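Q: Below are the structure tokens for one structure; questions will follow.
The values are calculated or read from the model by the stated rules, or taken from the named source; none is laboratory data. In this text, all values refer to a predicted model and were calculated from it rather than measured experimentally. Glycine also receives a Cβ, built like all others from the backbone with ideal geometry; neighbour counts cover every protein chain displayed.
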Amino acid sequence: MAKRRKSKAHTESKLLTITAWTLAVIALILSSLVAGYYFGYENAKEDFAKKEKTENAKKVAYLKKMQEASKKEDEKSINEKLKDVLKKEEKQDNTTALLQSKEEIPVKKEESVKKGLNYTSASHEIDDENLDVISAIEIREIKQTSAKPRVAIIIDDVGTRSQVRAIKALSMPITMAFLPPSAARPNSAKLAAQESLYMVHLPMEAQSFSAEEPSTLRINDSQEKISSRIKEIKTLFPKVHYINNHTGSKFTSNEVAMQKLMNALQANDINFIDSRTTATTQAPKIMKSLGLPYVSRDVFLDHQMDKAFVNKQIKQVIEIAKKHGSAIAIGHPHANTILALAESKKLFEDVELVYINKMY
């Protein structure tokens with residue numbers, strides 16, 4: 001009986017040992033599985049993170065590539081876009097001008113043709129080719145400054161919607177100088193009214209220019225007549241604070257006429273900017289006598305209309321600004337000038353391009 005109990009105890013002990021080892025093996029297997037799963041999960045997570053990072057890098061690189069391609073495409077097509085702006089509106093402007101001129105401003109047929117909306121040349125603005133750069137009439141001091149030199153670009157002869165749209169399409173701070181309303185550009189004052197800042201490009205008598213604008217100021221005009229014209233301009237362009245001369249080589253070189261003009265401008269809180277169409281301008285003398293700063297253009301951009309010449313003039317005005325601290329350029333709303341400005345944006349990074357009111 002004792003032997004049977006001993007055998008039974010031995011068997012139970014053996015079973016317990018086997019069970020323990022079995023459980024240990026199972027535990028070991030489970031631990032291995034858990035560890036393998038954990039480390040596998042971590043490795044998988046790390047691989048996934050690396051893959052996601054790589055994919056994101058590829059996406060960023062792709063987007064950057066697309067942006068660069070888009071930018072290049074924009075730069076490549078800017079000429080075409082600006083040409084389209086000019087072209088699409090030209091027909092509409094001509095039709096509107098012809099219709100309104102019949103109703104508002106009677107004009108002879110030959111004069112209407114002569115004053116057509118298609119812009120052809122800016123050479124009428126100056127009487128002396130040597131005036132395309134700064135001349136001896138105004139010796140400017142060389143300024144050393146840590147601030148960026150300033151450049152103001154004025155576009156004269158603005159008077160149609162297509163011209164305004166083309167200039168604004170540049171997305172540059174360019175000051176538009178509007179011609180007073182006439183048969184060829186009946187809406188110039190209305191277009192100016194939509195701008196927060198503008199100038200008036202006031203027609204004045206030239207030494208030799210046959211295609212005068214209506215109501216051109218002449219040297220023999222009385223003070224009353226000149227004052228009346230400036231009041232009319234102020235009524236047409238109520239926000240105007242800056243006027244420059246359209247042609248005017250004869251008028252600006254006449255001291256008496258310029259004194260009358262300055263009297264009228266001061267009475268209407270308007271500043272005069274000399275387009276400097278002649279070396280004999282009396283504006284510096286008159287302005288000095290009145291204690292006013294003399295402000296004038298330094299460079300004409302486009303009295304020769306090919307784009308290569310305009311590009312050369314743009315570089316010149318930037319160099320003048322770097323030397324003197326500031327410079328003013330005058331251009332006109334024809335396609336080559338607009339396109340040359342569009343293509344010169346990198347050149348302007350060396351200066352601060354500003355509206356004319358920031359030049360004082």
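Q: Tally time: how many residues in the stretch 324-343 are surrounded by fewer than 18 Cβ atoms within 10 Å (Cβ to Cβ) and either closer than 24 Å to residue 161 by Cβ or touching a His at 6+ places or on another chain (Cβ under 9 Å) (or both)?
A: Qualifying residue count for the region: 2.
Q: Cβ-Cβ under 7 Å, sequence separation 6+ or interchain: first residue in the stretch 243-257 and more than 22 Å from residue 198 (Cα to Cα) and assigned by TED's automatic domain parsing to the domain that holds residue 267, partner of a type in the set (Phe, Trp, Tyr) and surrounded by 20 or more Cβ atoms within 10 Å (Cβ to Cβ). Which pairs?
A: Hits for this filter: 257/251.
Q: Every residue in the stretch 309-360 that is assigned to a helix (DSSP H, G or I), in contact with a strand residue (DSSP E or B) (Cβ under 7 Å, 6 or more places away or on another chain) and closer than 15 Å to residue 297 by Cα, please.
A: Once the filter is applied, which keeps residues that are assigned to a helix (DSSP H, G or I), in contact with a strand residue (DSSP E or B) (Cβ under 7 Å, 6 or more places away or on another chain) and closer than 15 Å to residue 297 by Cα, the stretch 309-360 yields 313, 316, 317, 318, 320, 321, 356, 358.
So that you can scan it fast, the table gives a plain yes or no per residue for (1) among the aromatic types (Phe, Trp, Tyr); (2) within 20 Å of the chain's Cα centre (by Cα); (3) buried (at least 21 other Cβ atoms within 10 Å of the Cβ); (4) under 23 Å from residue 160 (Cα atoms):
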residue: 264; (1), (2), (3), (4): no, no, yes, no
residue: 267; (1), (2), (3), (4): no, no, no, no
residue: 278; (1), (2), (3), (4): no, no, yes, no
residue: 288; (1), (2), (3), (4): no, no, no, no
residue: 297; (1), (2), (3), (4): no, yes, yes, no
residue: 345; (1), (2), (3), (4): no, yes, no, no
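Q: Note down all Cβ pairs under 7 Å where the first residue falls in the stretch 216-235 and is within 12 Å of residue 257 (Cβ to Cβ), the second is in a helix (DSSP H, G or I) and basic (Lys, Arg), and they're at least six residues apart or on different chains.
A: 217/229; 219/250; 223/260; 226/260
Q: Then there's this: Count, please, the residues in the stretch 306-320 that happen to be over 18 Å from the mean Cα position of the chain (by Cα) and crowded, with 18+ Cβ neighbours inside 10 Å.
A: 2
Q: Next question, about the same structure. Could you please let me know if residue 279 is in contact with a helix residue (DSSP H, G or I) (Cβ under 7 Å, 6 or more places away or on another chain) and within 19 Å of residue 229 (Cβ to Cβ)?
A: Considered against the rule, which asks whether it is in contact with a helix residue (DSSP H, G or I) (Cβ under 7 Å, 6 or more places away or on another chain) and within 19 Å of residue 229 (Cβ to Cβ), residue 279 comes out as no.
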